[in-house]
Amino acid sequence: MRRYQPVERTKFMLGEEQIPRAFYNIAADLKEPPPPPLHPGTGQPIGPGDLAPLFPMELIKQVVATEQEIEIPDPVRQAYALYRPSPLIRARRLEQALDTPAHIYYKYEGVSAPGSHKPNTAIAQAFYAKQEGVTRFATETGAGQWGSALAFAGALFGIEVKVYMVRASYDQKPYRRILMETYGAQVTASPSPDTQYGQSLLAADTGHPGSLGVAISEAIEDTVTHPGTKYSLGSVFDFVLLHQTVIGQEAILQMEMAGEEPDTIIACVGGGSNFAGLAFPFIGRQLRGEATYRVIAVEPEAAPSLTKGRYEYDFGDTGQMAPLVKMHTLGHAFVPPPIHAGGLRYHGMAPLVSKLVDDGMVEARAVHQTPTFEAGVRFARAEGIVPAPESNHAVRVAIDEALAAKAAGEKKVILFNLSGHGHFDLAAYEAYLAGRLEDFEYRPTEDKEAVAA
């Protein structure tokens, strides 16, 4: 009888019964809370009544919650079971290709139906909205991953969805739009003629490329002018980051299965949701004195809010309709260049992520577009998965850290979040492979509007 060599373990899988039963609230472990959001009109701290026109009350309660765990409703966990728990994979072939002593692990969130981590909060938001009788969502999307996720969640819970998709991505990624429409969403390019704010921008520039800040303004205007509508967003706000912590909670259990503890934790950042999802449960252990990690947030050089922005109060949107929050910001008037990582084209950063960077618990790093695609292709040729352009930022730094470990002769354990696949982003890969992909330098936008002190 032939003797077979044992297969080295590559995937670390949890059962559906191990889907987290509670979201992790990092605010409970912070030594001091982040500065409160301010009303865009009065500049005073906002209360639940100020947010009620935009969000379901249960989500507003989560913003001010002080308990460490917030129970996940059974219908949400049942919907998560469509794709969760997601796998933790050791990148053995990438390790071999790099000839590094480092052990590289990635949490793969591309297994969800829309192809990214975004349904983790979309499903939760749709559930809470349905419970309160909401019939329609208005939202924005950059690369289309968030719009796809909310369209998916809207289909699950019977909620109509209107998506304002940043014009640059609307043109670059038509198949994302088709996916949203397949799920039943209505999608329009932003800036659009559907809102007064969009009309004003188009009147000044018919070729405006759009930005997440602009699309947010349009979605908020849509919300307050359509009865039965609530605003849904896929990043930045505290409750969005809270819902994503199912990623890190699963990863902690899976790293235990692998018998290792990460030295370095890496994720890309645009607004902060996938980064928070992986990193917050680990940072919580560090805040409680249970472990020590090096945590790296990777952003694009074209929109470097953490590395080149100011940590101050600013509007979350270009039209100054959203609350003022203290965050790392490039200024709400900043319009990022049309890089293919559309989900990272935002002028600011989640307040909780910004605070952790300011407190020195998170290291920020910016990388150019071309090196990220070089890393994505390298990863795909070793591991088989074509990453989303956003995820390529994390792949780039994971490879850099693995090569640094090789140069130092150190065995490091690296964990990163592969937040989505790039199956709808092949035009970007085509541009890279053909040598047509550009690198964009950050150029500040002169903001003539006053920002709150």
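The values are calculated or read from the model by the stated rules, or taken from the named source; none is laboratory data. Here the structure is a predicted model, which is why all the values come from computation and not from measurement. Please note: Cβ atoms are built from the backbone with ideal geometry, for glycine as well, and neighbour counts cover all protein chains shown.
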Working carefully through the options Ala303, Ala291, Ala322, find the one that is at pLDDT 95 or above, among the hydrophobic types (A, V, I, L, M, F, W, C), farther than 16 Å from Asp359 by Cβ and part of a loop (DSSP other than H, G, I, E, B).
Ala291
Among the listed residues Asp359, Asp425, which satisfies the condition of being acidic (Asp, Glu), in the same structural domain as Gly319 (by TED's automatic domain parsing) and without any contact (Cβ under 8 Å) to a residue 40 or more places away in the chain?
Asp359
In the range 1-47, anything within 22 Å of the chain's Cα centre (by Cα) and of a type in the set (Gly, Ala, Ser) is listed as Ala22, Ala27, Ala28
Could you check the range 1-21 and list, in sequence order, the residues that are of a type in the set (A, V, I, L, M, F, W, C), surrounded by fewer than 15 Cβ atoms within 10 Å (Cβ to Cβ) and modelled with pLDDT of 95 or more?
Met13
Kindly indicate which of Ala91, Ala129, Ala124 is touching a residue at least 60 places away in the same chain (Cβ under 8 Å), surrounded by 24 or more Cβ atoms within 10 Å (Cβ to Cβ), over 20 Å from the mean Cα position of the chain (by Cα) and outside the structural domain of Ala251 (by TED's automatic domain parsing).
Ala129
The conditions are (1) crowded, with 19+ Cβ neighbours inside 10 Å; (2) out of contact with any Pro (no Cβ under 9 Å at 6 or more places or on another chain); (3) outside the structural domain of Ile399 (by TED's automatic domain parsing), and Ile60 fails exactly one of them. Which is it?
(2)
Single condition Tyr311 does not satisfy, out of (1) in a strand (DSSP E or B); (2) surrounded by 24 or more Cβ atoms within 10 Å (Cβ to Cβ); (3) not hydrophobic (A, V, I, L, M, F, W, C)
(2)
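Results for (1) closer than 25 Å to Glu132 by Cβ; (2) surrounded by fewer than 21 Cβ atoms within 10 Å (Cβ to Cβ), shown as yes or no for each residue.
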position	(1), (2)
Ile26	no, no
His39	yes, yes
Gly49	yes, yes
Pro73	yes, yes
Ala79	yes, no
Does Gly384 satisfy being touching an Asp or Glu at 6+ places or on another chain (Cβ under 6 Å) and either surrounded by fewer than 21 Cβ atoms within 10 Å (Cβ to Cβ) or under 20 Å from Val166 (Cβ atoms) (or both)?
no
Take the range 245-288 and flag every residue that is among the β-branched types (Val, Ile, Thr) and part of a helix (DSSP H, G or I).
Val246, Ile247, Ile252, Ile283
State all residues of the range 158-180 that are in contact (Cβ under 8 Å) with a residue 24 or more places away in the chain and either farther than 30 Å from Pro75 by Cα or among the acidic types (Asp, Glu) (or both); if no residue qualifies, say none.
Glu160, Val166, Arg167, Ala168, Ser169, Tyr170, Gln172, Lys173
